[in-house]
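Data block below; observations after.
The values are calculated or read from the model by the stated rules, or taken from the named source; none is laboratory data. Treat the numbers as computed from the prediction; the structure is a model and nothing was measured. Reconstructed Cβ throughout: ideal geometry from the backbone, glycine too, with neighbour counts over all protein chains shown.
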Amino acid sequence: MTDKRSSKASGKQLAILATDAKAGKKAYTKLNKEIHACDKIADQVWYEKGMRILKMRESGLYKWGQDKSQLVFDEKGKLIEWTFERWLETEHQVSRRHGYQLLDSVSFMRRLTAENVRQNIELAHTKAPVLPSNERQIRPLLTDLQHDGERIHVWAEVANSGEKKITAELVQRKVDEFKASGQVVEDVEIKLPSVTEKDLLSESERLKREKQQAREAAIAAQMQASETRPTLALADAIEWLGQQEPCDLLLTDPPYSTDVEDIAAFAKSWLPLALSKVKSTGRAFVFIGAYPAELAAYLATAMPEQVLVWTYRNTLGPTPSHNYKLNWQAILYFKGVDAPPLDCPVMLEQFSVQDINAPDGRQGDRYHAWQKPIDIADRFIRHSTKQGDTVLDPFACTGTFLIAAAKLGRIASGCDISAENITIAEGRGCLTSKAI
C-alpha cells in the first residue's frame, strides 16, 4: 500500500527534477557514463575519474541522477535530500571519505600541473617534474604537510630522486625526510579556474587513440617486412585498369557524386572495365554514396548480386531541416558465375547491413575524409579470397583496402590519381611508384 505522504513528496521531487530535464539529464548521463568507464581501470585513470566527479559536484549535475526508485523519506515522511555524497555512494559505491580524498588529490594534481608551478620546479631542478601516477602517491603530501609550498617542494624532490619507479612509499619517505630536516618552505598561491571541458578530455579516448596508433604502426612495420607488400601507382584508374590481369577480388571506393560532375557518365566510364577484370570465380565490392541519383546511375550501369549497406554511428554530419541524416553508404556486391561459397564462419559478419564505425581522426586512424574502416575491408577479403589471391583497387586513395589485403597474405595492387594520397599510403607501408 502506497503511503500518501510519500506519494506527495515523490511528486514534488520529480517535478523539481523535470525542470530543464532534457538538457540536464543528457549532460548528467554523458558525464556519469564516462565515470563508470573509468571505474573499470581506476588505477590508470584515477585523475580522469576524479575530474569528472569534480565537475559533477561543481555543476550540480549529480541532482539528475536520482530517479523515483531512489527517493528516500524519513520517519515523518519528509524527503531526504539527494546530496552529492548520496549520489557518489549510490551510483558509484564510493564512500564520503574516499570520495573527498579523491577530490583533494585531483585538486592538488591540478595545482601541481599549473604553468607557474611547473616553471618553478623546472628552474629549481635539473629534471622536468614527473606527475603522480596514482592517488596513493599524493596522499602523504596532503595528510602530512602543511601547505602547497611544502607539497610541491617535496614532490619535486621525489620527481628528481633518480628512482626508476615512483611509489607511495618513496613519497612517504621524502615527506618524512623533509619534516625531519626542519627546512622552512614558503607557501605558494595557485589560482585555478573552474573545471572546463578541456580538462575532461576522455582518458578512454586517449587510450583508444594510442592503441589505434600502435596498431597502425604495427601494420606499417608488418608491411615493410612482408614479401607481399601492397603496391600503389600514381595513375589514372581507367588507364591503370586496362593494363591489369584478371583478379580474384575487386575492392574499391570510387569518388562520389558530390565530387564528379556527371555521376552517370563517370560510372559507365570505369565500372564495366573494372568488372571485366574480375575472374569468373571472383567477386567485387564497390562502395558508393547513398544519394538516389548515384544509386540510380550505378544500377543502370551494372546490376549487382546484392546491394549491401555499411552503416556507422560516430560521424553523422550536419542535421538537415527537411530530410533524414545519412549515416550509411551502399556497397554493390558482384559475384562471378563460378564463384565458390563465401568463407564466412562468423554469422554476424554475413548480414547485408555492416555496422562498423567510421575511422575517427581523434584516434589517429583517419587519413582521408571518405576513408573506410580497415575492419570492413578485412571482412570482405576474408569472405571472398584466400592467401595468394589477387586484389585490385583502382581508387586506392591512402591504401586502406590494399593494406588490409596484404596483411592477410593477398597480392594487392592499386592506383590513385593524387600524389598526396600516394605519399600517405607509402608512410602506411605501401610500395609506391609514379609510373604504371
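Within segment 172-189, no residue satisfies the criterion of being surrounded by fewer than 15 Cβ atoms within 10 Å (Cβ to Cβ), touching a residue at least 12 places away in the same chain (Cβ under 8 Å) and aliphatic (A, V, I, L, M). Is it the case that some residue within segment 300-314 is out of contact with any strand residue (DSSP E or B) (no Cβ under 9 Å at 6 or more places or on another chain), within 21 Å of ARG379 (Cα to Cα), outside any helix (DSSP H, G or I) and modelled with pLDDT under 95? The answer is yes, given that some residue of segment 300-314 is out of contact with any strand residue (DSSP E or B) (no Cβ under 9 Å at 6 or more places or on another chain), within 21 Å of ARG379 (Cα to Cα), outside any helix (DSSP H, G or I) and modelled with pLDDT under 95. Considering segment 282-299, and only residues there that are among the small types (Gly, Ala, Ser) and assigned to a strand (DSSP E or B), the residue that is nearest to ASP248 (Cα to Cα) turns out to be GLY282. Considering segment 235-263, and only residues there that are outside any helix (DSSP H, G or I), in contact (Cβ under 8 Å) with a residue 60 or more places away in the chain and of a type in the set (Asp, Glu), the residue that is nearest to ASP416 (Cα to Cα) turns out to be ASP236.
You will find that of GLY414, GLY399, the residue that is under 24 Å from ARG313 (Cα atoms), touching a strand residue (DSSP E or B) at 6+ places or on another chain (Cβ under 6 Å) and touching a residue at least 40 places away in the same chain (Cβ under 8 Å) is GLY399 and no other. Summed over segment 258-288, the residues that are within 25 Å of ASP236 (Cβ to Cβ), modelled with pLDDT of 95 or more and either more than 34 Å from the chain's Cα centre (by Cα) or not hydrophobic (A, V, I, L, M, F, W, C) (or both) give a count of 19. Any residue at all in segment 411-418 that is modelled with pLDDT of 95 or more, surrounded by 18 or more Cβ atoms within 10 Å (Cβ to Cβ), of a type outside the set (Val, Ile, Thr) and closer than 27 Å to VAL346 by Cβ? Yes, there is a match, as at least one residue in segment 411-418 is modelled with pLDDT of 95 or more, surrounded by 18 or more Cβ atoms within 10 Å (Cβ to Cβ), of a type outside the set (Val, Ile, Thr) and closer than 27 Å to VAL346 by Cβ.
Every residue, every condition in (1) closer than 13 Å to ALA330 by Cα; (2) of a type outside the set (A, V, I, L, M), yes or no:
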| site | (1), (2) |
| --- | --- |
| SER269 | no, yes |
| LEU273 | no, no |
| LEU295 | yes, no |
| ALA300 | no, no |
| GLN306 | yes, yes |
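Restricting ARG86, ARG110, ARG118 to those that are in a helix (DSSP H, G or I) and either touching a strand residue (DSSP E or B) at 6+ places or on another chain (Cβ under 7 Å) or modelled with pLDDT of 80 or more (or both) reduces the list to ARG86.
So the check is Cβ under 7 Å with 6+ separation or different chains; which pairs have a first residue in segment 319-333 that's in the same structural domain as ALA284 (by TED's automatic domain parsing) and a second one that's assigned to a loop (DSSP other than H, G, I, E, B) and of a type in the set (A, V, I, L, M, F, W, C)? Filtered contacts from segment 319-333: LYS325/LEU316; LEU326/ALA290; ASN327/LEU316; TRP328/ALA290; GLN329/ALA290; ALA330/ALA290. If the condition is being under 17 Å from SER133 (Cβ atoms), of a type in the set (D, E, K, R) and not in a helix (DSSP H, G or I), then segment 144-192 contributes GLU163, LYS164, LYS165.
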